[in-house]
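Peer 1: So that we are looking at the same thing, I have put the structure below in structure tokens.
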Amino acid sequence: MTDDEIILRPETLEPFLTEVFEKAGLSKDDACFISRTFVQTHLWGVDSHGIVRVPIYVKRLRVGAINPRPNITRLKGSKSLEIIDGDNGHGFIVGREAMRRAIHLAGEYNVGMVGVVRSNHFGAAGIYARMAADEGMIGIAMTNVGPLVVMPGCSRPVVGNNPIAFAIPTFGPFPIVLDIATSAVAGGKLLMASQRGEKIPLDWATDKEGRATDDPKKAFDGFFFPAGGHKGFGLALIIDILCGVITGGAFLDQVRGMYKYPNDPSSVGHFVIAMNLSSVMDPEEMKERMASFYRMIKATPMWDHSKEVLLPGEIEYRAFLERKKTGIPLPNKLYQELIALGQEMGIESPLE
């Protein structure tokens, strides 16, 4: 904790956020899911996809850019592959329904795949991949976003920093979870750096003129570099094809970023997959094999003996254990924004 941070308890934060989203028009169940997911994301230490997004979500709900009570319907598909219409609902709610449907299909066909059209920003992709892992399945979740990423020589961004997440159950303390943006950095990290008054590395992003910058505010108005050069750029294109092209939804510059177009539906697309492990391996065998995998990774020698190899999801698990005890740190500036929002909306749940 620093002098510019406030520590909040999860049991204080969750009812506050639930009331915020209820008053913004969501049902009690949906508001509870969003607030619980925000808190869980922070407990994992993934602050870039947490409460920093609350003000823009509320603004978009108020102006009708997000439909608070969507009628999510099946459009087409058969057997293990379906496409659903999110009816411009909140991405958290549409993403949840997509993965629920994918899990159901995987229970019947061993693999379930669901594409989504007409949704909005759905937070961390790992939220939905973990839903499958919680059911003993492998989960994959991805989404497209508006163009943000440039390649050398481009005069404007070409594709979004489209994230993808994988979650694999270990039947141990934590699942293996890889959740990555295809840009050098996730946009939420720029927001958090700006809230904290921090500089950013010069290889993360450019200003709006395309020049590398260490100012997160200029970077947020500019463009991102792709992760790993052509590798991240190519992966972002594939994700856009899966989320936008084959679903019949929006892709590339047809997708509208929520900060650049706060009053408009984003027309975001998602694609989620659930794979039923029980068709090839029982949980006890999977647990034994993953434990062996974990031990082999941990046995990797390090030249710095104070260091260790960490598996994807292990940092989040350790953060969860720590923050459950100590609380969730928020930049004071963000905390004050939440207090002001609560006062404006007449929120009764205290944020202490």
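Peer 1: I need every pair where a residue in segment 281-298 that is part of a helix (DSSP H, G or I) has its Cβ under 9 Å from the Cβ of a residue that is among the charged types (D, E, K, R), sequence separation at least 6 or different chains.
Peer 2: Within 9 Å, the pairs are LYS298/GLU308.
Peer 1: Within segment 107-118, take every residue that is closer than 9 Å to ALA274 by Cβ and surrounded by fewer than 22 Cβ atoms within 10 Å (Cβ to Cβ) and give me the one that is nearest to the chain's Cα centre (by Cα).
Peer 2: So the residue we want is VAL111.
Peer 1: Test of understanding: among THR300, THR326, which residue is of a type in the set (Ser, Thr, Tyr) and under 16 Å from LEU43 (Cα atoms)?
Peer 2: Testing whether each residue is of a type in the set (Ser, Thr, Tyr) and under 16 Å from LEU43 (Cα atoms) leaves just THR326.
Peer 1: For segment 152-180, how many residues meet the condition of being out of contact with any Gly (no Cβ under 8 Å at 6 or more places or on another chain), surrounded by fewer than 24 Cβ atoms within 10 Å (Cβ to Cβ) and of a type outside the set (Val, Ile, Thr)?
Peer 2: Going through segment 152-180 one residue at a time, the tally reaches 7.
Peer 1: Something else now. For the list (1) at pLDDT 95 or above; (2) part of a helix (DSSP H, G or I), I need the number of the one condition that ALA250 fails.
Peer 2: (2)
Peer 1: Still on this structure, I have one more. Would you say ILE164 is at pLDDT 95 or above, hydrophobic (A, V, I, L, M, F, W, C), over 30 Å from PRO55 (Cβ atoms) and in contact with a strand residue (DSSP E or B) (Cβ under 8 Å, 6 or more places away or on another chain)?
Peer 2: No: the conditions fail for ILE164.
Peer 1: Ok, one more. Which of (1) within 28 Å of VAL63 (Cβ to Cβ); (2) in the same structural domain as ALA124 (by TED's automatic domain parsing); (3) among the basic types (Lys, Arg); (4) part of a helix (DSSP H, G or I) does LYS231 not meet, given it meets every other one?
Peer 2: Of everything listed in (1) within 28 Å of VAL63 (Cβ to Cβ); (2) in the same structural domain as ALA124 (by TED's automatic domain parsing); (3) among the basic types (Lys, Arg); (4) part of a helix (DSSP H, G or I), LYS231 misses just condition (1).
Peer 1: Filter segment 9-36 down to residues that are touching a residue at least 40 places away in the same chain (Cβ under 8 Å) and under 19 Å from PRO331 (Cα atoms) and give me whichever is surrounded by the fewest Cβ atoms within 10 Å (Cβ to Cβ).
Peer 2: ARG9
Peer 1: Only residues that are touching a Phe, Trp or Tyr at 6+ places or on another chain (Cβ under 7 Å) and surrounded by fewer than 24 Cβ atoms within 10 Å (Cβ to Cβ): list them for segment 96-106, please.
Peer 2: Listed by number, the list holds a single entry, ARG96.
Peer 1: Only one residue in LEU321, LEU310, LEU334 is free of Cβ contacts under 8 Å to residues at least 12 places away in the same chain, aliphatic (A, V, I, L, M), part of a helix (DSSP H, G or I) and not assigned by TED's automatic domain parsing to the domain that holds PRO173. Which one?
Peer 2: Exactly one residue qualifies, and that residue is LEU321.
Peer 1: Within segment 119-139, track down each residue that is surrounded by fewer than 24 Cβ atoms within 10 Å (Cβ to Cβ) and in a strand (DSSP E or B).
Peer 2: ILE138
The values are calculated or read from the model by the stated rules, or taken from the named source; none is laboratory data. All figures in this text were calculated on a predicted structure; none of them were measured in a lab. With ideal geometry, Cβ positions are generated from the backbone for all residues, glycine too; neighbour counts draw on all protein chains shown.
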